[in-house]
Amino acid sequence: MNKLSFATAMLLSVLCLAGCRDREAEAAAQAEALAAANEQAAAEAERAFEAAVADGNWALAKAQGDILFAKWPTTEAAERVRPKYDEAKAKGDAENEARRTAALWAYQTQAVKGGQQLSAAIYAKEPLDVDGSGAKPVRLIFRDHPDWGRSSYLVLPGGDFARACYGKCSVTVTVDDAAPRKMSANRPKTDEAIAMFIDDEKALWRLTKDAKVMRIEFPTRDVGSKVAVFEVAGLERGKMPKWD
């Protein structure tokens, strides 16, 4: 290699090395700027989390924490929030569950002779096949009527309750982990609706207090006993003011 070629090669090497160092410096600067931007964005999410906690809005606090951990999990803000997140999540989940179970109930006020009829109704968690024709929704209703008084009953959209219930039969009611209890029931002799009254409506109402799940096993005409599961935790008791 002549002197000129050697000098050219050395110059190119120096230029290449300088270029590599420039690119490394530029990449480092970009990484530093990105890290700073992430920390800033994460700090904003942290402030939103703390504001929601201060307001007692646990569902929002949980959501802000979820965003922070999803987008900026390795930031200092995420590390500061992490120890507080579990409590916010637990309380947020409880709020969401309370809203969900409350929405399962439907309340109705209807003007009738002698005053107003009030009712609180809920569908079973899963539809049931009560006659072999396929699963259908089953309802539990609490009703307060000015003439007929208070009552609680199951309603089927098809099929029927066992024929024995046209006189008197029983259902088995289980609340959460408590022991099952038998309760007397009867099916009115009418074709207007497929309903069966649970005779001790006051006791059934009391069982819903502080309960999460109520299971009612009842006899059908066509397919034997069935169990309807009702998520009763969201019952707004004030909607039926006379019952408590």
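The values are calculated or read from the model by the stated rules, or taken from the named source; none is laboratory data. Computed from a predicted model, the values in this text were never measured in an experiment. Heads up, the Cβs are rebuilt from the backbone with ideal geometry, glycines too, and the neighbour counts pull from every protein chain shown. For the accessible areas, the whole protein counts, side chains as well, though only heavy atoms, and no ligand, DNA or RNA atoms are used. Shrake-Rupley method; radii C 1.70, N 1.55, O 1.52, S 1.80 Å.
Once C-alpha pairs closer than 8 Å and six or more residues apart are averaged by separation and normalised to the residue number of region 64-201, the relative contact order reads 14 percent.
Averaged over its residues, region 88-244 has an accessible area of 53 Å² per residue, based on protein heavy atoms and a 1.4 Å probe. For the options V227, V81, V130, a Gaussian network treatment of the chain with springs between C-alpha atoms closer than 10 Å singles out V81 as fluctuating the most.
For region 139-222, relative contact order (Cα pairs under 8 Å, six or more residues apart, normalised by length) works out to 35 percent. Amide hydrogen proximity for S170: with H placed 1.01 Å from N in the peptide plane, the residues at 5 or more positions away or on another chain lying under 5 Å are A185. With a cut-off of 18 Å on the backbone N, the residues of region 93-127 near the modelled label site 7 Å out from A195 along Cα-Cβ are 106-124. Divided by 2.2 N^0.38 Å, where N counts the residues, the Cα radius of gyration of the chain comes to 1.86. Across G159, G92, G134, mean-square fluctuation computed from a Gaussian network of the chain (C-alpha pairs under 10 Å connected) peaks at G134. With contacts taken as Cα pairs under 8 Å and at least 6 residues apart, the chain reaches a relative contact order of 15 percent. Within the accessible surface of region 73-201, defined with a 1.4 Å probe on protein heavy atoms only, the carbon and sulfur portion equals 50 percent. Under the rule a/c < 1.5 gives rounded, and otherwise a/b versus b/c splits prolate from oblate, where does region 100-142 land using the Cα gyration tensor? Since a/c reaches 1.5 but b/c is at least a/b, the shape of region 100-142 is classed as oblate. With the convex hull drawn around the C-alpha atoms of region 43-158, the volume per residue stands at 162 Å³. Largest GNM mean-square fluctuation across D191, D66, D199, computed for the chain with C-alpha springs under 10 Å, falls on D191. In this simple spin-label approximation, D244 and K212 carry label points 7 Å from Cα along the Cα→Cβ vector, and these lie 2.1 nm apart.
Mind checking the full-extension length gain between A106 and V227? Use 0.36 nm per residue of separation minus the Cα-Cα distance, one decimal, nm.
Values: separation 121, 0.36 × 121 = 43.56 nm, distance 2.12 nm.
Going from the current span to full extension adds 41.4 nm.
For the chain, the Cβ-based charge dipole about the Cα centre amounts to some 960 debye (Lys, Arg positive; Asp, Glu negative; other atoms uncharged). Restricting the calculation to Cα atoms, region 87-224 shows an Rg/Rh of 1.00 when the hydrodynamic-style radius is the Kirkwood one. Taking region 214-244 and a reference point 7 angstrom along Cα→Cβ of A203, the backbone N atoms nearer than 18 Å belong to 214-219, 244. Taking 15 Å as the cut-off, the amide N atoms of region 195-225 that come nearer than this to a point 7 Å along the Cα-to-beta-carbon line of K182 belong to 199-200, 217-219. Taking R0 as 22 Å, what FRET efficiency do you get between L34 and K84 from their Cβ-Cβ distance, rounded to the nearest 0.05? Efficiency computed from Cβ-Cβ geometry: 0.25.
Taking every Cα-Cα distance in region 147-244 and sorting them into 10 Å bins from zero, the calculated P(r) comes out as 15, 48, 32, 5 percent. The alpha carbon centroids of region 108-123 and region 29-103 are separated by 44 Å.
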